[in-house]
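In what follows, a structure is listed as structure tokens, so that the remarks can point back to it.
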Ligand code: AVJ
């Protein structure tokens, strides 16, 4: 963590990796975000999963489900229901950064689904983590919630390629992707009226204070979220509300001038063309592309391409 913060704070503007949002309070704040009226992503994705998963998994019966960034696995139940519908045994491999979250998820799901084997993997998917290979086939890999959007193109392609390398012809990859749309709708989703996203954003400074002994004055940074239409991503910033100095033990002192931002997150927005571009670079091809009636969000189901 210290090395990553050193690297991010060496840039202009300063940056922090978004994975550090999700300590226990941060994960609770994120859950709260998913229920906000402005944050259409989670409920729209859930609607799409409800509409399409039973049909997709009825014709093609996966025996393993590997989910990246599984978290509390709420949306995963739709897939698990379909996999265990005919009393078949199934294997669920939730992959997440947070061991306590995974333990809790595994405990609950084992109690709820008697036919399900749960084999959680604690891993940071943004690094060179190796996907498990010896799994009952076919395998459904999924990366939901539009979390791929936290990665710029090279790292998104690298992650997809690592998944692709473990895929056999009968395996599939399911992606949830937030779509490009009008700026007002996008910015409102990251600037909610109740200020939950602001609290979520600032929480990353509390994480640095606790984990690294830094001395951020958390309330001296303002939340900001802006859509960059050219890059097609939302950027979240924490903007220094005055000239100030922050000390991070092991890294030294950092000066902030009034108005200076720390970029804490990018959240890429997609269309069918940009998803196809990422998939093609990773040797994946779209088999199904489904959007909601308002074109807010998409599910893409992909197979390995052999060209
Ligand atoms: C979990 C990364 C998909 O980018 O929409 C929510 C995180 N940040 N509100 C997103 C988030 C601010 C979320 N992802």
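The values are calculated or read from the model by the stated rules, or taken from the named source; none is laboratory data. Note that the structure is predicted; figures quoted are calculated from it, not measured. A quick note on method: Cβ atoms are made from the backbone with ideal geometry, for glycine too, and the neighbour counts reach across all protein chains shown.
Answer yes or no: is there a residue in segment 119-128 that is within 16 Å of the ligand (Cβ to nearest atom), under 21 Å from residue 270 (Cα atoms) and under 17 Å from the mean Cα position of the chain (by Cα). Steps first, please.
Filtering segment 119-128 down to residues within 16 Å of the ligand (Cβ to nearest atom) leaves 124-126.
Next cut, under 21 Å from residue 270 (Cα atoms) only: 125-126.
Filter once more, so that each one left must be under 17 Å from the mean Cα position of the chain (by Cα): 125-126.
Checked segment 119-128: at least one residue is within 16 Å of the ligand (Cβ to nearest atom), under 21 Å from residue 270 (Cα atoms) and under 17 Å from the mean Cα position of the chain (by Cα).
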(request) List every residue pair whose Cβ atoms sit under 6 Å apart, with the two residues 6 or more apart in sequence or on different chains, where the first one lies in segment 132-158 and is at negative phi and the second, anywhere, is within 16 Å of the ligand (Cβ to nearest atom) and assigned to a loop (DSSP other than H, G, I, E, B). (result) 144/75; 147/69
(message) Being closer than 30 Å to residue 26 by Cβ and in contact with a helix residue (DSSP H, G or I) (Cβ under 8 Å, 6 or more places away or on another chain) is the requirement here; does residue 57 meet it?
(response) no
(request) Starting from residues that are buried (at least 21 other Cβ atoms within 10 Å of the Cβ) and in a helix (DSSP H, G or I), keep the ones in segment 143-155 and report whichever is farthest from the ligand (Cβ to nearest atom). (result) 148
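From the list 214, 231, which one is surrounded by 17 or more Cβ atoms within 10 Å (Cβ to Cβ) and part of a loop (DSSP other than H, G, I, E, B)? Steps first, please.
Details: 231 fails: surrounded by 17 or more Cβ atoms within 10 Å (Cβ to Cβ).
Result: 214 is the single residue among 214, 231 that is surrounded by 17 or more Cβ atoms within 10 Å (Cβ to Cβ) and part of a loop (DSSP other than H, G, I, E, B).
Conditions tested, residue by residue: (1) within 14 Å of the ligand (Cβ to nearest atom); (2) over 27 Å from residue 137 (Cβ atoms); (3) at pLDDT below 95.
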| site | (1), (2), (3) |
| --- | --- |
| 29 | yes, yes, no |
| 33 | yes, yes, no |
| 38 | yes, yes, no |
| 43 | yes, yes, no |
| 51 | no, no, no |
| 61 | no, no, yes |
| 76 | no, no, yes |
| 81 | no, no, yes |
(request) Within segment 1-49, count every residue that is closer than 18 Å to residue 190 by Cβ, part of a helix (DSSP H, G or I) and in contact with a strand residue (DSSP E or B) (Cβ under 6 Å, 6 or more places away or on another chain). (result) 4
(request) Answer with yes or no whether residue 205 is part of a helix (DSSP H, G or I), on the phi < 0 side of the Ramachandran plot, within 16 Å of the ligand (Cβ to nearest atom) and in contact with a strand residue (DSSP E or B) (Cβ under 7 Å, 6 or more places away or on another chain). (result) yes
(request) Give just the number: which of (1) in contact with a helix residue (DSSP H, G or I) (Cβ under 6 Å, 6 or more places away or on another chain); (2) closer than 22 Å to residue 177 by Cα does residue 142 not satisfy? (result) (1)
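From the list 225, 198, exactly one residue is within 15 Å of the ligand (Cβ to nearest atom), part of a strand (DSSP E or B) and buried (at least 17 other Cβ atoms within 10 Å of the Cβ). Which is it? Steps first, please.
Values: 198 fails: part of a strand (DSSP E or B).
Of the residues listed, the single one that is within 15 Å of the ligand (Cβ to nearest atom), part of a strand (DSSP E or B) and buried (at least 17 other Cβ atoms within 10 Å of the Cβ) is 225.
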(message) Condition (residue is closer than 19 Å to residue 17 by Cα, touching a strand residue (DSSP E or B) at 6+ places or on another chain (Cβ under 6 Å) and within 16 Å of the ligand (Cβ to nearest atom)) applied to segment 268-276: is it met by at least one residue?
(response) yes
(request) Output the residues belonging to segment 90-119 that are over 24 Å from residue 299 (Cβ atoms) and in contact (Cβ under 8 Å) with a residue 40 or more places away in the chain. (result) 98, 100
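Could you please let me know if residue 94 is on the phi < 0 side of the Ramachandran plot, part of a loop (DSSP other than H, G, I, E, B), away from the ligand (no atom under 15 Å from the Cβ) and touching a strand residue (DSSP E or B) at 6+ places or on another chain (Cβ under 8 Å)?
Numbers: on the phi < 0 side of the Ramachandran plot: yes; part of a loop (DSSP other than H, G, I, E, B): no; away from the ligand (no atom under 15 Å from the Cβ): yes; touching a strand residue (DSSP E or B) at 6+ places or on another chain (Cβ under 8 Å): yes.
So residue 94 does not fit the description; no.
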